[in-house]
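Heads up: the structure comes next, in structure tokens.
Where a number appears in this text, it was derived from the coordinates with a stated rule and is not lab data. This one's a predicted model, so the numbers in the text were calculated from it and none came from an experiment. Counting neighbours? That spans all protein chains shown, and the Cβs are built from the backbone with ideal geometry, glycine included.
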């Protein structure tokens, strides 16, 4: 069996690769940075001699259509199908001042705006990576997953993607209406969110103030996972 894991050079992604390899699955470990990706592959190979020929690196930038197409072509030419896709690639959408955070942990009273920096560039990049990157990668690899006897898509989310963290009733209503949920409606939610962020009206419009892009991007990814499950009933999502 063959698996692709995105954002896999460290952390959860790397551990997912390790666990898949332990099950005898051939794993394509992907990462934006080629050097870090190759180092991650070597780390896995050192951990077990039996995986040396079953873990392969392929560069992937999920916001780059050409990079996604290159991965899809590689999987097609090397294996002819794909059994498991784990969408783990993602970014935080904000910058945290580590020193200020440590100080706040020690009891110092600090305004959250002094610890966390968000700007439109970071927020839009987060949405583009966490949601649209996942979606485009999935769409490119679905034809190969359809050739598997037991295809599976796993979208790695977060507890922060729960709808309770989005005060905006309009957005929440769309995302929890499973029966009428569409990709177009998700796009609409994201367009309004980005517009409100750009206009500086996050709080007034009922969006999360802190880690706003990360929360919203994970919430819409959860919604997209539901759409995939309905559309591809033969897949395990």
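Numbers at a glance
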read-out	value
Selection from segment 64-80 of residues that are part of a loop (DSSP other than H, G, I, E, B) and in contact with a strand residue (DSSP E or B) (Cβ under 7 Å, 6 or more places away or on another chain)	79
Matching residues in segment 11-27 - criterion: being out of contact with any helix residue (DSSP H, G or I) (no Cβ under 7 Å at 6 or more places or on another chain) and within 28 Å of residue 126 (Cα to Cα)	11, 12, 13, 15, 16, 19, 20
Residue 31, sole failed condition from (1) surrounded by fewer than 21 Cβ atoms within 10 Å (Cβ to Cβ); (2) without any contact (Cβ under 8 Å) to a residue 60 or more places away in the chain	(1)
One residue from 129, 137, 182 being touching a residue at least 40 places away in the same chain (Cβ under 8 Å) and touching a helix residue (DSSP H, G or I) at 6+ places or on another chain (Cβ under 6 Å)	137
Positions within segment 170-191 being more than 21 Å from the chain's Cα centre (by Cα) and within 28 Å of residue 117 (Cβ to Cβ), in sequence order	170
Test: residue in segment 213-233 that is crowded, with 16+ Cβ neighbours inside 10 Å and over 23 Å from residue 154 (Cβ atoms)	no
Members of segment 188-209 found to be under 20 Å from residue 122 (Cβ atoms) and assigned to a helix (DSSP H, G or I), listed by number	189, 190, 191, 192, 193, 194, 195, 196, 197, 198
For residue 163: the one exception among (1) touching a helix residue (DSSP H, G or I) at 6+ places or on another chain (Cβ under 9 Å); (2) surrounded by 17 or more Cβ atoms within 10 Å (Cβ to Cβ); (3) on the phi < 0 side of the Ramachandran plot	(2)
Residue, surrounded by the fewest Cβ atoms within 10 Å (Cβ to Cβ), within segment 37-58, restricted to residues that are part of a strand (DSSP E or B) and touching a helix residue (DSSP H, G or I) at 6+ places or on another chain (Cβ under 6 Å)	58
